[in-house]
Amino acid sequence: MFFKTFGWSLAITAAALVVAFLYGGPTALILCAVLGVLEVSLSFDNAVVNARILERMSPFWQKMFLTVGIVIAVFGMRILFPLLIVGVTADLNPVEAVSLALEKGDVHTRGTYAYLLHEAHPQIAAFGGMFLLMLFLDFMFEDREIHWLRFVEKPLAR
């Protein structure tokens, strides 16, 4: 039953780890394994929220939600969005961004993907910080019945 449920996921994971090893050696293998574990562990909370939303949908919309959501989450946010950010901040077209991303470049060598990503760090960090600030403010100013840290939340909400 385990392999029937998770067989394809395990096969794709194993293939990705082999590609990581062939591309970058043991360091890339360990990095990809750690990032994979982190991604899975951080996705559990998202799965709970999605399950609550999905239970109210028809089977058609459940399939649409999962299919489109996975495509956007995996390909959009994990692959395209980082390339888009570097492409926009470094004034590159998408083909150049992908080409640079696949090359192994040093962070101190001008023109490499690592260098451009390092140079774009302030803009990327500012975007991420503003996103987290918006989430925090939404959490603080949302009118809720249950407060986890009432002594902190109530004064900040005022």
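If you go through the stretch 80-96 and keep only what is open to solvent by less than 80 Å² (accessible area, probe 1.4 Å), within 20 Å of Glu39 (Cα to Cα) and among the aliphatic types (A, V, I, L, M), you end up with just Leu83.
For the stretch 82-103, the set of residues classified as outside any helix (DSSP H, G or I) and at negative phi consists of Leu92, Asn93, Glu103, listed by residue number.
Scanning the stretch 20-48 for residues that are open to solvent by 80 Å² or more (accessible area, probe 1.4 Å) and under 20 Å from the mean Cα position of the chain (by Cα) returns Ile30, Leu31, Val34, Leu35, Val37, Leu38, Val40, Leu42, Phe44, Asp45, Asn46, Val48. Summed over the stretch 136-149, the residues that are part of a helix (DSSP H, G or I) and surrounded by 10 or more Cβ atoms within 10 Å (Cβ to Cβ) give a count of 5. I'd like to know if the stretch 46-64 contains one or more residues that are modelled with pLDDT of 85 or more, more than 18 Å from Tyr113 (Cβ to Cβ), in a helix (DSSP H, G or I) and β-branched (Val, Ile, Thr). For the stretch 46-64, residues modelled with pLDDT of 85 or more, more than 18 Å from Tyr113 (Cβ to Cβ), in a helix (DSSP H, G or I) and β-branched (Val, Ile, Thr): absent. Being under 21 Å from Phe75 (Cβ atoms) and in contact (Cβ under 8 Å) with a residue 12 or more places away in the chain holds for only one residue in Leu54, Leu42, Leu31, Leu35, and it is Leu54. Residues in the stretch 104-116: is at least one out of contact with any helix residue (DSSP H, G or I) (no Cβ under 8 Å at 6 or more places or on another chain), open to solvent by 50 Å² or more (accessible area, probe 1.4 Å), under 26 Å from Gly25 (Cα atoms) and part of a helix (DSSP H, G or I)? Taking every residue of the stretch 104-116 in turn, none turns out to be out of contact with any helix residue (DSSP H, G or I) (no Cβ under 8 Å at 6 or more places or on another chain), open to solvent by 50 Å² or more (accessible area, probe 1.4 Å), under 26 Å from Gly25 (Cα atoms) and part of a helix (DSSP H, G or I). From Phe21, Phe3, which residue is in contact with a Leu (Cβ under 9 Å, 6 or more places away or on another chain), farther than 16 Å from Val74 by Cβ and at pLDDT 90 or above? Of Phe21, Phe3, the one residue that is in contact with a Leu (Cβ under 9 Å, 6 or more places away or on another chain), farther than 16 Å from Val74 by Cβ and at pLDDT 90 or above is Phe21. Tell me whether the stretch 53-68 contains one or more residues that are surrounded by 10 or more Cβ atoms within 10 Å (Cβ to Cβ), within 30 Å of Glu103 (Cβ to Cβ) and out of contact with any Gly (no Cβ under 7 Å at 6 or more places or on another chain). Taking every residue of the stretch 53-68 in turn, none turns out to be surrounded by 10 or more Cβ atoms within 10 Å (Cβ to Cβ), within 30 Å of Glu103 (Cβ to Cβ) and out of contact with any Gly (no Cβ under 7 Å at 6 or more places or on another chain).
The values are calculated or read from the model by the stated rules, or taken from the named source; none is laboratory data. As the structure is a prediction and not an experimental result, all values here were calculated from the model. Every residue, glycine as well, gets a Cβ built from its backbone with ideal geometry; the counts of neighbours run over all protein chains shown. Areas reflect the complete protein model, heavy atoms only, side chains present, ligands, DNA and RNA absent. Shrake-Rupley method; radii C 1.70, N 1.55, O 1.52, S 1.80 Å.
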